[in-house]
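The next block holds one structure in the form of structure tokens; read it before the comments.
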Number of protein chains: 2
Amino acid sequence: MSQDSPKRGRPPSKAARDKALSAARDILFEQGFGRLSVEAVAARSGVGKPTIYRHWANASELAMAALMAGFPEGGAEGATLEQALVSQLTDLVRAFATTRGRQIAMALATADPDSELTRAFRNRVILSSRDAGRAMIAAAVTRGEIAAPGTVEVVLDMIYGPVLYRLLAGHQPLDDAFATALAAEAAALLSRPAP
Amino acid sequence: MSQDSPKRGRPPSKAARDKALSAARDILFEQGFGRLSVEAVAARSGVGKPTIYRHWANASELAMAALMAGFPEGGAEGATLEQALVSQLTDLVRAFATTRGRQIAMALATADPDSELTRAFRNRVILSSRDAGRAMIAAAVTRGEIAAPGTVEVVLDMIYGPVLYRLLAGHQPLDDAFATALAAEAAALLSRPAP
DNA sequence: ATCACATAATTACGTTACGTATCGTAAAGA
DNA sequence: TCTTTACGATACGTAACGTAATTATGTGAT
């Protein structure tokens with residue numbers, strides 16, 4: 001499908017799209033989410049405002065698109081579950097601990113939850129690590145390293161939820177030490193023999 | 001301290017403050033966070049705009065103040081750790097699952113993290129349940145119901161983080177069933193014998 | 001080559017909300 | 001009464017919104 005019309009008229013300029021995204025990213029890093037407006041991106045990039053609105057519905061979606069590019073994949077490697085978790089959670093925590101992290105949280109919270117781009121953003125930023133984690137747990141179960149947990153989805157929530165929690169609540173630091181401790185605690189609990 | 005001046009001049013009107021808060025809450029529930037503006041609150045409440053700015057720095061702070069009132073306390077009761085957790089997490093999940101929940105997340109993400117009111121909000125909404133949880137775990141340890149976990153703070157993150165995680169990421173439902181499953185999984189993992 | 005068409009950039013517009021300043025009025029203590 | 005402080009009303013300049021009209025430009029079809 002989607003071979004309906006072999007393209008009539010002037011094609012959308014990938015250059016304009018990239019210039020807008022790049023300007024949005026610059027503004028996000030330099031001035032933060034609050035300063036990101038469609039007008040500012042238009043002014044900085046030289047791309048016309050209507051063109052930006054042709055690509056994204058509002059500033060939140062533009063922000064998400066800009067933040068999505070260059071976000072690390074969720075995968076990780078390691079011989080044991082704990083090693084794999086440490087590696088993955090360290091990457092994740094580092095990505096969130098930068099200025100980018102709070103901006104991502106803002107974009108997530110602000111954006112329309114049902115939007116197409118919001119879903120893509122969640123898949124890329126939130127759920128990819130989660131999927132990798134699901135595979136890691138399955139592998140550990142097959143290895144006999146841990147017993148199968150009662151509800152895998154809930155266990156995944158317990159592993160990845162804390163990262164967002166610390167970012168938003170800010171009650172405790174979000175750093176490498178936390179990533180290590182979280183991986184260790186999760187692995188330790190899961191490694192205990194099931195009754 | 002703070003007996004500096006035994007009050008000169010016209011005292012701030014508690015009535016005006018309450019009217020503004022109540023109007024803000026109404027707008028939040030009827031139209032959501034995006035529609036909450038200082039102007040709208042002023043128009044709806046009859047309170048002057050400058051008066052509102054005298055009380056709160058911006059719309060986010062006003063929203064937090066409005067949301068803070070009427071949020072459930074974090075406490076919970078139960079003979080076993082799991083029972084207490086089920087009760088507490090059900091309350092928490094219900095509070096977040098309503099429209100209010102997403103608005104709270106938005107206010108949290110949007111507001112200045114260092115603001116005075118933001119800290120108060122976090123204490124009230126986020127950390128009170130966490131503190132109750134810490135007590136519940138300590139009690140369960142003393143009862144011999146569970147072994148002492150490696151890092152209590154991390155375990156608390158693993159219990160309460162998932163709620164915010166599901167709210168923001170939206171990958172899985174945030175409902176009573178989830179509260180029950182989360183409590184069960186946490187209690188089951190903690191109840192396993194330490195190696 | 002020329003036509004039809006979709007997109008580009010520019011410009012302008014009406015709207016909403018911002019946060020501040022000024023004003024005269026109202027309520028308290030001195 | 002006088003002083004002080006907060007009140008409501010109003011007005012202001014600024015910023016950004018999202019849309020429309022316009023002209024220019026690049027591409028496939030005729």
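Quick rundown of the values:
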item	result
Neighbour-count ranking [beta-carbon atoms within 10 angstrom, fewest first] of B:T151, B:T110	B:T151, B:T110
Neighbour-count ranking [beta-carbon atoms within 10 angstrom, fewest first] of B:R17, B:R8	B:R8, B:R17
Global form of the protein assembly as shown, assessed from the alpha-carbon gyration tensor, a/c cut-off 1.5	oblate
GNM result for chain B, Cα springs below 10 Å: residue of B:P12, B:P162, B:P149 fluctuating most strongly	B:P12
Residue among B:A187, B:A105, B:I146 farthest towards the positive dipole end of region B:49-195, charges placed on Cβ	B:A105
Furthest towards positive pole of dipole, A:V155, A:T80, A:V93, structure part chain A, Cβ charges	A:V93
Total charge dipole magnitude, region B:129-169, about the Cα centre, Cβ charges on Lys, Arg, Asp, Glu only, Debye to nearest 20	80 debye
Label distances, nm, B:A69 versus same residue in remaining copies, Cβ-directed 7 Å point	4.6
Across the identical copies, how the A:A148 labels are spaced - nm, sorted shortest first, 7 Å along Cα→Cβ	3.5
Point-charge dipole on Cβ atoms (K/R +1, D/E -1) for the protein assembly as shown, about Cα centre, debye to 20	1620 debye
Formal net charge of residues neighbouring A:S87 (Cβ-Cβ distance under 14 Å; K, R +1; D, E -1)	-4
Given charges at beta-carbon only (K, R positive; D, E negative), |dipole| of chain A in Debye	900 debye
Local electrostatic count at A:A147 - Lys and Arg +1, Asp and Glu -1, tallied over other residues with Cβ under 12 Å	+2
Value of [θ]222 nm, deg cm²/dmol, for the protein assembly as shown, DSSP H segments ≥ 4, -39500 (n - 2.57) each, nearest 500	-20500 deg cm²/dmol
Over chain B, relative contact order from alpha-carbon pairs under 8 Å, at least 6 apart, %	22 percent
Cα gyration tensor shape of region A:1-98, rounded if a/c is under 1.5, else prolate or oblate by comparing a/b with b/c	oblate
Fluctuation leader among B:D157, B:D26, B:D176 - chain B, Gaussian network, Cα springs under 10 angstrom	B:D157
Exam field: B:D114 pseudo-label spacings to other copies (7 Å along Cα-Cβ), nanometres	4.0
Prolate/oblate/rounded call for region A:97-195, Cα gyration tensor, a/c under 1.5 rounded	oblate
Charge tally in the Cβ shell below 9 Å around A:F96, where Lys, Arg are +1 and Asp, Glu are -1, A:F96 excluded	+4
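Computed from the coordinates by the stated procedures, all read-outs in this text should not be read as laboratory data. Since the structure is predicted, the reported quantities are computational estimates derived from the model, not experimental observations. With ideal geometry, Cβ positions are generated from the backbone for all residues, glycine too; neighbour counts draw on all protein chains shown.
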